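Student: What follows is a structure written as structure tokens; I'll ask about it next.
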Amino acid sequence: MTTDRQTFLAHIRNRISHREKPELATPRNWPSPAVAKGSREERIARFIAQSKAHKATIEHLADRQSVEGAVCDYLRTLNAPLQAVAAPALKGMDWTTLDVAFCTAGEGDRVSLSEPAFGIAETGTLAFFSGPKTPVLLNFAPEIEIAILSEDRIVGGYEDIWQRLNPAHMPRAVNFISGPSRTGDIEQTMYLGAHGPKHLHIILTGDQ
Amino acid sequence: MRPKSHAFRSAAKDALADETLQDALKLFATGFPEKRRKAVAALPEFEALREAAVLIKDHTLAHLDRYLEQFTDRVEEAGGHVHFCRTAREARETVVAICRKQGARTVTKGKSMVGEEIALNEALEAAGITPIETDLGEYILQLAKEPPSHIIGPALHKTKDQVSDLFLEHHTPLGFDERQEEGEALVAEARQILREKYFAADVGITGANFLVAEGGSAVIVTNEGNGDLTMTCPNTHIVITSIEKMVPTLADMTVLMRLLARSATGQTMSVYTTLVSGPKRKDDLDGPENFHVVLLDGGRSALLGTEQQDLLRCIKCGACMNHCPVYGAVGGHAYGWVYPGPIGAALNPALIGLKESRHLPEASTFCGACEAVCPVKIPLPMIFRHWRNQAFEKNITPFFIRMTLKLWAFLALRPRLYRRFAAFAAWGLKKSPPPFVKGWTDARDFPKPEGRSFHAQWQKRGGS
Ligand code: SF4
């Protein structure tokens with residue numbers, strides 16, 4: 001039914017055998033956008049501006065202590081219940097008012113709290129690495145996602161992400177997320193909340 | 001999808017007369033090109049990235065065997081499987097067999113042009129498995145029983161009104177019996193209906209925008225998030241894709257990624273870009289237990305080592321069709337097969353044969369807009385010309401056109417005769433419009449020859 005690997009590859013090899021074979025330098029120094037290389041302040045400012053351009057909302061807090069209050073206030077503005085499924089990575093924080101379950105998200109969960117591995121200034125993108133403490137569906141199943149990111153996790157560009165991954169041992173999923181879910185499939189008009197979260201709220205925290 | 005490209009001429013005529021389609025296309029012409037222009041202008045490195053993309057793709061294609069091998073090793077190390085399929089039929093059977101093995105009754109599907117190419121939905125249905133399209137555009141088309149008309153916005157030929165009717169008709173039995181007229185409400189209704197399908201499905205099938213050899217990763221790009229729900233919720237994820245999607249490294253993929261969304265929709269990044277490398281790891285809380293990559297050749301390897309190999313650089317961004325005056329006039333369906341617009345006109349002859357698709361390379365004004373916007377600089381007009389030559393050489397071009405061309409060649413090689421014929425023709429054209437070209441003169445004026453011919457004037461002014 002399928003062609004076996006050796007036959008398939010031999011066929012390809014045969015097809016390309018008479019072509020010149022351009023080599024590429026390693027490491028690859030491809031042009032990368034100037035905006036992907038900035039000082040810490042520039043990176044933070046660009047990350048915030050680009051996230052907003054993607055229609056994410058973003059709140060900048062001085063420290064992690066006030067995160068829970070900010071989460072609750074935000075949920076109240078959306079008339080959402082003070083209840084969330086959260087990444088086990090966030091267990092270390094104080095959760096007293098909010099009803100939190102540390103697990104992945106299922107069909108009925110409305111709100112998730114997630115912890116991106118990095119924020120990328122270049123395009124205002126959150127980078128998530130899947131793992132036992134950071135399940136993937138938190139980013140897709142609920143209607144409201146609140147991502148908690150600390151300032152010192154904001155890198156310039158995608159190159160900075162690859163440096164932190166070993167290509168021979170990739171996480172099962174690396175998710176790059178730029179704003180809430182949307183579709184342009186009806187008359188090219190943009191509507192938010194197609195299948196993934198309709199609201200993506202980023203809480204950016206200072207160093208303390 | 002069974003090709004209907006041979007009927008391009010009549011399909012194009014129907015499309016021009018279809019008022020609803022023409023309304024939809026009008027909207028289309030103003031949207032994407034302007035968004036792309038802005039996005040490109042905002043990235044000074046865009047041109048340099050295009051140059052890099054060409055190098056990367058050319059290199060990868062020249063070593064495709066090596067990278068396919070590396071990719072396969074990585075996927076297998078991570079616990080996944082790679083299936084090699086020379087033909088559409090092999091690919092269909094492979095996917096159906098995996099679904100059967102899982103005892104699958106329903107599968108959710110992300111948007112996949114390769115899936116369309118191999119007519120996967122029909123094969124699944126024939127095997128008693130229900131496929132559910134989850135990309136909103138594809139979902140609309142599944143209800144309408146129509147093929148996509150654009151590779152990025154598959155349902156852009158549909159108006160909101162038509163979507164309202166379709167939803168009312170198909171969702172009433174599900175308890176949604178109110179006709180929704182607002183876009184927002186239509187999107188919400190589809191969201192609600194598809195939500196439970198993701199979690200109930202036994203298998204999720206997605207395409208891939210890129211494959212990264214060094215990571216054994218499939219890269220899936222969407223704006224809706226449907227691809228991620230499709231690949232994460234069910235117990236089995238099948239990636240159905242084709243061999244030319246390969247790039248060697250993550251750094252190489254980044255170059256293409258920076259070009260893709262800007263060229264396609266004018267976004268800096270699509271909302272979701274996911275690199276998936278194998279099945280669920282031991283302690284993961286979610287993700288599929290089984291991970292399969294079905295790799296289709298489907299006629300692509302026949303392009304390797306030929307002048308048309310550049311076609312395999314295509315990253316399926318859709319920019320060429322967004323800027324094409326012919327596509328803009330007739331829409332995607334007239335092309336009669338999965339890939340419409342300039343890329344279809346250049347690629348389809350290779351994949352479904354020139355006999356079926358010889359009209360497509362003719363459907364060009366040679367304005368060059370497609371090549372100018374193509375992020376990987378595919379010389380599309382040159383490839384149209386190649387297929388036209390081929391059609392002539394292989395006697396596929398119809399008798400009348402061949403004879404006319406031969407007559408012209410005969411005259412052109414005999415300058416004296418040519419001059420006399422030209423003078424006669426000019427005299428004739430001053431009296432009445434040319435014969436046999438009603439199709440052309442119906443929509444345009446044929447200019448009447450004025451004064452003396454260029455040749456005569458050239459000689460008079462002392463040229464030789
Ligand atoms: S040919 Fe070029 S412009 Fe057209 S879809 Fe492919 S990459 Fe995009």
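The values are calculated or read from the model by the stated rules, or taken from the named source; none is laboratory data. Since the model is a prediction, treat every value here as computed from it, not as a measurement. Quick reminder, even Gly has a Cβ in these numbers, built from the backbone with ideal geometry, and neighbours come from all protein chains shown.
Student: Mind counting the residues in region B:244-257 that are more than 7 Å from every other protein chain (Cβ to nearest Cβ) and either in contact with a Ser or Thr (Cβ under 7 Å, 6 or more places away or on another chain) or under 17 Å from residue B:39 (Cβ atoms) (or both)?
Tutor: Qualifying residue count for the region: 5.
Student: Going by the structure shown, is residue A:206 more than 9 Å from chain B (Cβ to nearest Cβ), touching an Asp or Glu at 6+ places or on another chain (Cβ under 9 Å) and crowded, with 18+ Cβ neighbours inside 10 Å?
Tutor: No.
For (1) within 11 Å of chain B (Cβ to nearest Cβ); (2) within 22 Å of residue A:199 (Cβ to Cβ); (3) not β-branched (Val, Ile, Thr), each residue gets a yes or a no:
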position: A:20; (1), (2), (3): yes, no, yes
position: A:24; (1), (2), (3): yes, no, yes
position: A:30; (1), (2), (3): yes, no, yes
position: A:38; (1), (2), (3): no, no, yes
position: A:42; (1), (2), (3): no, no, yes
position: A:45; (1), (2), (3): no, no, yes
position: A:48; (1), (2), (3): no, yes, no
position: A:57; (1), (2), (3): no, yes, no
position: A:60; (1), (2), (3): no, yes, yes
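Student: Take region B:228-238 and flag every residue that is out of contact with any Leu (no Cβ under 7 Å at 6 or more places or on another chain) and either among the hydroxyl-bearing types (Ser, Thr, Tyr) or facing chain A (nearest Cβ under 9 Å) (or both).
Tutor: Quick first cut of region B:228-238, residues out of contact with any Leu (no Cβ under 7 Å at 6 or more places or on another chain) only: B:228-231, B:233-238.
B:228, B:229, B:230, B:231, B:233, B:236, listed by residue number.
Student: I'd like to check which helices (runs of 4 or more DSSP H) are fully inside region B:358-429 and have at least 3 residues that are within 16 Å of the ligand (Cβ to nearest atom).
Tutor: B:369-373, B:380-393
Student: Another question, then. Quick one: which of B:50, B:92, B:74 is surrounded by fewer than 23 Cβ atoms within 10 Å (Cβ to Cβ) and not small (Gly, Ala, Ser)? Step through it out loud before you land on a result.
Tutor: On the way: B:92 fails: surrounded by fewer than 23 Cβ atoms within 10 Å (Cβ to Cβ); B:74 fails: surrounded by fewer than 23 Cβ atoms within 10 Å (Cβ to Cβ).
Testing whether each residue is surrounded by fewer than 23 Cβ atoms within 10 Å (Cβ to Cβ) and not small (Gly, Ala, Ser) leaves just B:50.
Student: How many of the residues in region B:285-319 are assigned by TED's automatic domain parsing to the domain that holds residue B:102, crowded, with 21+ Cβ neighbours inside 10 Å and among the acidic types (Asp, Glu)?
Tutor: Total meeting the criteria: 1.
Student: Pick out the one residue from B:341, B:305, B:299 that is within 14 Å of chain A (Cβ to nearest Cβ) and either under 30 Å from residue B:97 (Cα atoms) or near the ligand (Cβ under 10 Å from one of its atoms) (or both). Steps first, answer last, please.
Tutor: Values: B:341 fails: within 14 Å of chain A (Cβ to nearest Cβ); B:305 fails: either under 30 Å from residue B:97 (Cα atoms) or near the ligand (Cβ under 10 Å from one of its atoms) (or both).
That would be B:299, the only listed residue that is within 14 Å of chain A (Cβ to nearest Cβ) and either under 30 Å from residue B:97 (Cα atoms) or near the ligand (Cβ under 10 Å from one of its atoms) (or both).
Student: Right, another one. Checking residue B:305 against (1) without any contact (Cβ under 8 Å) to a residue 12 or more places away in the chain; (2) over 21 Å from residue B:54 (Cα atoms): exactly one of these is not met. Which one?
Tutor: Condition (2) is where residue B:305 drops out.
Student: Let me ask something additional. Checking the structure you have, find out if any residue of region B:124-131 is outside any helix (DSSP H, G or I) and on the phi > 0 side of the Ramachandran plot.
Tutor: At the first step, the residues of region B:124-131 found to be outside any helix (DSSP H, G or I) are B:127-131.
Narrowing the set further to residues that are on the phi > 0 side of the Ramachandran plot leaves B:128.
Yes, that holds for at least one residue.
Student: Might you check whether a residue that is part of a helix (DSSP H, G or I), more than 9 Å from chain A (Cβ to nearest Cβ), under 19 Å from residue B:206 (Cβ atoms) and within 22 Å of the chain's Cα centre (by Cα) occurs anywhere in region B:84-91?
Tutor: Among the residues of region B:84-91, at least one is part of a helix (DSSP H, G or I), more than 9 Å from chain A (Cβ to nearest Cβ), under 19 Å from residue B:206 (Cβ atoms) and within 22 Å of the chain's Cα centre (by Cα), which makes the answer yes.
Student: Considering only region B:169-185, I want to know if a residue exists there that is within 19 Å of residue B:272 (Cβ to Cβ) and surrounded by 16 or more Cβ atoms within 10 Å (Cβ to Cβ). Talk me through it step by step, then tell me what you get.
Tutor: Keep residues of region B:169-185 that are within 19 Å of residue B:272 (Cβ to Cβ), which gives none.
No, that holds for no residue.
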